[in-house]
Amino acid sequence: MREAKNQLICDPHTGVCSIQSDEKSYPTPILPLKADKKIKVIYFTDPICSSCWGIEPQLRKLKLTYPHLIDIDYKMGGLLPNWDYNAGGISGPADVAKHWDEVSLHYQMPIDGDVWLEQPLDSSYPPSIAFKAAQAIDPDKAIAFLRYLREAVFLKKQNITLEITWLQAAQKANLDELKLKALIHSGQAEKAFQEDLTLAQQLGIRGFPSLLFLNQQQQQKMIYGAQDFTVLENSIKTLVPQAKAQNYPKDLEGLSTIFHSLCPKEYAVLANISLAQAQDELDQAYQQEKMHRYITKNGNWYAKK
């Protein structure tokens, strides 16, 4: 694997997509928790971060296991400002294609790197700003919105810097498309994005995914990269020793009522079964016409009908 000289080269061993840092020292901000939650998770991510796609199974499981304890606040990190930011490493979009195919195999999550050959993106800032607009309208629907954007770029090879992709994602997530456009074009969403970048600098965030766990005493646990679920869970137990897991449906029918789509790795992690068994059950659901199946060159993914 190539040395991580460029933020679009994510190190599969650490699970981190690194970014440049200004190396300045900032005071640690006080981050308030919701009154009904014991832990706040500040999740720094990016719509085109392949390691962030790789952590989706574990993150989904964390949300289902500790919904009564955690509040996850999504922050955009600015992975790719443009193609002029770095003199070394990757020289252009075509260089990312092979790397994404390698990352797909490592995380066992379907990713089609050919988007960088067919519809290359020039920045991750536009979809990040679109997410901040969605978040301003409805934080919960914004997470679904982000999922649809990621499916578009990782699975469907779509250029998610284009407004049409945001509007399609907004429609699927039941977000007001006119409000979304207004927040984007007014500059309000961009201002919120810049605030995310400032917070990332203040906290010393240098890569994605980064998850800062905070308890009510402002004690912290920082997790860098696409880590196993046990690493995320141990962060909760360290900050809230009495934390108890909550049961959730682990069968395919039950999980399909929660999530509009599932990759085999996601189902395997959520159901605590092998990847092979997850693949077989999803294929059976497709053959029984209970789910749609979509084929990519690096694996299939499934969506409920």
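Remarks
- If the condition is being closer than 25 Å to ASP228 by Cα and basic (Lys, Arg), then the stretch 262-296 contributes only LYS265.
- Residue that is nearest to PRO139 (Cα to Cα) [pool: residues in the stretch 30-56 that are surrounded by fewer than 24 Cβ atoms within 10 Å (Cβ to Cβ) and under 11 Å from the mean Cα position of the chain (by Cα)]: TYR43
- Selection status of SER91, open to solvent by 10 Å² or more (accessible area, probe 1.4 Å), among the polar types (S, T, N, Q) and either farther than 24 Å from LEU212 by Cα or touching a residue at least 60 places away in the same chain (Cβ under 8 Å) (or both): yes
- Lone qualifier among ILE137, ILE129 - being closer than 24 Å to LYS75 by Cα, out of contact with any His (no Cβ under 6 Å at 6 or more places or on another chain), open to solvent by less than 40 Å² (accessible area, probe 1.4 Å) and touching a residue at least 40 places away in the same chain (Cβ under 8 Å): ILE129
- For the stretch 246-279, the set of residues classified as among the acidic types (Asp, Glu) and outside any helix (DSSP H, G or I) consists of ASP251 only.
- Once the stretch 160-182 is narrowed to residues that are surrounded by fewer than 18 Cβ atoms within 10 Å (Cβ to Cβ) and not in a helix (DSSP H, G or I), the residue that is farthest from the chain's Cα centre (by Cα) is ASP176.
- From LEU211, LEU239, residue being at pLDDT 95 or above and open to solvent by less than 10 Å² (accessible area, probe 1.4 Å): LEU211
- Within the span defined as the stretch 247-266, one or more residues are under 20 Å from LYS37 (Cα atoms) and either open to solvent by 40 Å² or more (accessible area, probe 1.4 Å) or under 20 Å from the mean Cα position of the chain (by Cα) (or both).
- Of the residues PRO81, PRO67, the single one that is open to solvent by 20 Å² or more (accessible area, probe 1.4 Å), under 28 Å from TYR267 (Cα atoms) and assigned to a loop (DSSP other than H, G, I, E, B) is PRO67.
The values are calculated or read from the model by the stated rules, or taken from the named source; none is laboratory data. Owing to the predicted nature of the structure, the values given are computational and were not obtained by experimental measurement. Note: ideal-geometry Cβ built from the backbone for every residue, glycine included; neighbour counts use all protein chains shown. The protein model used for the area step is the full one, side chains on, heavy atoms only, and it has no ligands, DNA or RNA in it. Shrake-Rupley method; radii C 1.70, N 1.55, O 1.52, S 1.80 Å.
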